[in-house]
1. Among the numbered criteria (1) modelled with pLDDT under 65; (2) open to solvent by 30 Å² or more (accessible area, probe 1.4 Å); (3) of a type in the set (A, V, I, L, M, F, W, C); (4) under 12 Å from the mean Cα position of the chain (by Cα), which single criterion is violated by LEU75?
2. Please pick out the residue among LEU10, LEU1, LEU5 that is modelled with pLDDT under 80, assigned to a helix (DSSP H, G or I) and either farther than 12 Å from VAL58 by Cβ or aromatic (Phe, Trp, Tyr) (or both).
Amino acid sequence: LILLLPLSSLFAKENLNRMSERQLNLYDRLINEPSNDWDIYYWATEAKPTPAELDTDVMAMLREFAKNKKREQRLRQPDLEYLFEPPQ
């Protein structure tokens, strides 16, 4: 869980605002259905194969994000301001 939290929260911060409703539903399913967060981490890092029912374009996005090709520091969770709409 310690490794998954920064990975999933940083992925969410970078991607949620541009996902379609279908992708958001797939992401919600991905982070809520597996009983073990380590499974998601192993699938994202390709240490274990992703089950077919969860191997979607969103999982592919998470796998690509986990590769961290830009070598960004991802040691802590982002602030949660991206979850809230600005006041109108």
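The values are calculated or read from the model by the stated rules, or taken from the named source; none is laboratory data. Just so it is clear, the structure is predicted and the values come from calculations on it, not from any experiment. Cβ atoms come from the backbone with ideal geometry, glycine included; neighbour counts cover every protein chain shown. Quick note on the areas: whole protein, heavy atoms, side chains included, nothing else; ligands and nucleic acids left out. Shrake-Rupley method; radii C 1.70, N 1.55, O 1.52, S 1.80 Å.
1. Failed condition: (4).
2. Result of the check over LEU10, LEU1, LEU5: LEU5.
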